[in-house]
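Taking it in order: structure first as structure tokens, then the write-up.
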Amino acid sequence: MSWMKKSALLASITSVALVGAACGNNEEGGAAEGDALSGKVVMDGSSTVFPIMEAVAEEYSAEQPEVEVTVGVSGTGGGFKRFVTGETDFSNASREIKEEEAAEAEENGVEFTQLSVALDGLSLVVNPANDWAQDITIEELNKMWTDTNVKTWKDVRSDWPDEEISFFSPGKDSGTFDFFNEAVLDDTDIREDAQLSEDDNVLVTGVAGTEGAIGFFGYAYYIENQDTLRAVAVEGVEPTTETINDLSYPLSREIFTYVNNASLKDKEQVADFARFMNENAAALSEEVGYVGMEQARYDENMKMIDELAGE
């Protein structure tokens with residue numbers, strides 16, 4: 001079973017992936033015998049980052065089976081709501097933390113560090129029956145998603161057919177929505193008839209099942225479902241591993257995880273997981289459909305992890 005399909009199954013049952021063997025009641029964890037660790041690692045946040053962290057957590061559980069890792073999928077905004085109160089150790093994010101979120105963390109005494117995980121290309125997708133929209137501009141996307149007078153594809157471009165458009169978008173708690181809002185909508189309200197969901201698999205199903213549909217989400221979800229979806233080039237550039245890596249694709253972006261500094265310093269299993277994640281992020285990101293960064297970026301992450309963990 002693929003990472004994505006397994007993710008959808010886990011999310012539909014509990015909305016939280018529980019990875020690794022259950023441990024005892026010691027939440028702080030620590031070394032047991034030799035290098036064996038126990039305790040909990042709690043993270044929540046972006047559905048975009050979720051496939052990477054699920055993969056990392058499953059690999060980590062093979063090395064540290066007594067550490068219980070939970071990976072929530074409440075969206076970037078939902079994850080930060082828990083993180084800024086100190087409820088979670090990591091917050092996965094497809095955008096940078098907002099000023100008001102950082103201020104709330106400061107009020108609660110939560111200090112944090114941003115770690116870059118991988119590169120992503122926000123992908124515009126249509127139903128495979130759509131053979132007309134091969135390329136689209138940012139201006140056209142803005143018009144489509146903000147102007148309620150646009151009802152058909154012909155309203156976007158005169159030589160496109162008079163086919164009704166259905167719109168599928170990540171929910172407003174999603175960092176992917178925030179990125180699209182900034183890069184495409186220009187902070188204009190999204191049209192009210194767009195169907196929003198925090199679950200990217202719901203968006204995949206919606207576009208795949210509606211001939212005139214258009215939607216957007218992270219590149220990995222497109223790659224996982226490219227047999228039922230087609231990506232549209234933006235400003236003449238298609239989303240590919242190469243165009244995302246060199247940032248020539250207009251909707252390329254970094255994706256992140258934020259770590260609670262106190263957790264990193266005081267919980268040995270959190271520091272160990274952070275190191276493991278950083279060492280394996282490039283390979284596992286590519287395995288689930290994203291693009292690994294240059295090694296120098298991961299070296300920068302490791303330096304911060306070691307300094308904060310006191311080593």
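Residues Val73, Val42: which one is in the same structural domain as Val270 (by TED's automatic domain parsing), at pLDDT 95 or above, open to solvent by less than 80 Å² (accessible area, probe 1.4 Å) and not small (Gly, Ala, Ser)?
On the way: Val73 fails: at pLDDT 95 or above.
Answer to the check: Val42.
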Would you pick out the residues in the range 265-298 that are out of contact with any helix residue (DSSP H, G or I) (no Cβ under 7 Å at 6 or more places or on another chain), in a helix (DSSP H, G or I) and open to solvent by 10 Å² or more (accessible area, probe 1.4 Å)?
-> Asp266, Glu268, Asp272, Glu279, Ala283, Glu286, Gln295, Ala296, Arg297
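If you go through the range 214-225 one residue at a time, do you hit one that is under 26 Å from Ala129 (Cα atoms) and more than 19 Å from the chain's Cα centre (by Cα)?
Within the range 214-225, the subset under 26 Å from Ala129 (Cα atoms) is 214-225.
This time we only want the ones that are more than 19 Å from the chain's Cα centre (by Cα), so: 214.
For the range 214-225, residues under 26 Å from Ala129 (Cα atoms) and more than 19 Å from the chain's Cα centre (by Cα): present.
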Can you tell me how many residues in the range 157-181 are over 25 Å from Leu119 (Cα atoms), open to solvent by 20 Å² or more (accessible area, probe 1.4 Å) and either free of Cβ contacts under 8 Å to residues at least 24 places away in the same chain or in a loop (DSSP other than H, G, I, E, B) (or both)?
-> 6
What number of residues in the range 119-156 are open to solvent by 10 Å² or more (accessible area, probe 1.4 Å) and β-branched (Val, Ile, Thr)?
-> 6
Of the residues Val56, Val67, which single one is in contact with a Leu (Cβ under 8 Å, 6 or more places away or on another chain), more than 30 Å from Thr243 (Cβ to Cβ), in contact (Cβ under 8 Å) with a residue 24 or more places away in the chain and surrounded by 24 or more Cβ atoms within 10 Å (Cβ to Cβ)?
-> Val67
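Condition first: in a strand (DSSP E or B) and open to solvent by less than 10 Å² (accessible area, probe 1.4 Å). Now tell me which residues in the range 228-255 satisfy that.
Kept after step one, since they are in a strand (DSSP E or B), are these residues of the range 228-255: 230-231, 233-234, 237, 252-255.
Correct list: Ala233, Val234, Ile255.
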Ala36 versus (1) touching a strand residue (DSSP E or B) at 6+ places or on another chain (Cβ under 8 Å); (2) modelled with pLDDT under 95; (3) over 17 Å from Phe217 (Cβ atoms): which is the lone unmet condition?
-> (1)
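The values are calculated or read from the model by the stated rules, or taken from the named source; none is laboratory data. Worth saying up front: this structure is predicted, and the values here are computed from it rather than measured. Note that we place each Cβ from the backbone using ideal geometry, even for glycine, and neighbour counts take in every protein chain shown. Surface areas here come from the heavy atoms of the whole protein model, side chains and all, with no ligands, DNA or RNA. Shrake-Rupley method; radii C 1.70, N 1.55, O 1.52, S 1.80 Å.
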